[in-house]
Amino acid sequence: MSKGNPGNRFSTEVRARAVRLVLENEADYKTRSECLRSISQKIGCSPETLRDWVNKQAIETGEREGLTLSERAQMKELQREIRELRQANDILRKASAFFAPALAHARHTLPRSGTDLDRLRAR
């Protein structure tokens with residue numbers, strides 16, 4: 001029995017079976033809500049939880065618009081990368097501001113051309 005997320009109460013197999021039961025037996029009920037209520041009572045979850053499982057399955061199979069599990073993982077990774085890059089840019093910006101006065105002073109004291117260098121060497 002494999003678990004998707006260790007914090008989840010229901011295994012992946014139980015979720016898949018519950019979704020399959022809803023999809024196979026939906027025609028036997030007047031409404032989908034009634035079907036969800038009946039099947040959720042049998043497996044011990046709330047109808048809303050079972051509805052979420054059915055909707056996620058529909059997204060994974062492409063029957064419904066939304067981000068698949070792999071797309072959500074990729075999105076999360078990209079958001080983390082963006083956050084790290086922004087932090088790096090912020091550090092570089094602050095370092096640049098910190099060293100800017102010293103660089104400006106060095107620019108004013110350094111010789112500007114070859115002739116200035118020749119005059120310094122002649123001293």
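The values are calculated or read from the model by the stated rules, or taken from the named source; none is laboratory data. Source: prediction; values computed, not measured. Here the Cβ is made from the backbone with ideal geometry for all residues, glycine too, and neighbour counts use every protein chain on show. Only protein heavy atoms, including side chains, enter the accessible area calculation; ligands, DNA and RNA are left aside. Shrake-Rupley method; radii C 1.70, N 1.55, O 1.52, S 1.80 Å.
Overview of values
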quantity: Unit Cα scatterers, Debye sum, segment 13-103: log10 I(q)/I(0) for q = 0.19 Å⁻¹; calculated: -0.88
quantity: Sequence-separation-based contact order of segment 1-99, relative, with Cα cut under 8 Å and 6+ spacing, percent; calculated: 14 percent
quantity: Eligible aspartates and glutamates near Lys56 by straight Cα distance, threshold 15 Å, same-chain separation 8 or greater; calculated: Glu13, Glu48, Glu65, Glu71
quantity: Added length on full extension, which subtracts the Cα-Cα distance from 0.36 nm per residue, Thr31 to Arg17; calculated: 3.1 nm
quantity: Under Karplus coefficients 6.51, -1.76 and 1.60, residue-wise ³J(HN,Hα) of segment 20-30 in Hz, glycine/proline x; calculated: 4, 4, 4, 5, 6, 9, 4, 5, 7, 10, 5
quantity: List Leu85, Leu21, Leu36, ordered by accessible area with a 1.4 Å probe, largest first; calculated: Leu85, Leu21, Leu36
quantity: For Ser46, net neighbour charge (Lys/Arg +1, Asp/Glu -1) across residues whose Cβ lies under 13 Å away; calculated: +2
quantity: Cβ crowding within 10 Å averaged over residues, with 98-104, 29-35, 50-56 ranked highest first; calculated: 50-56, 29-35, 98-104
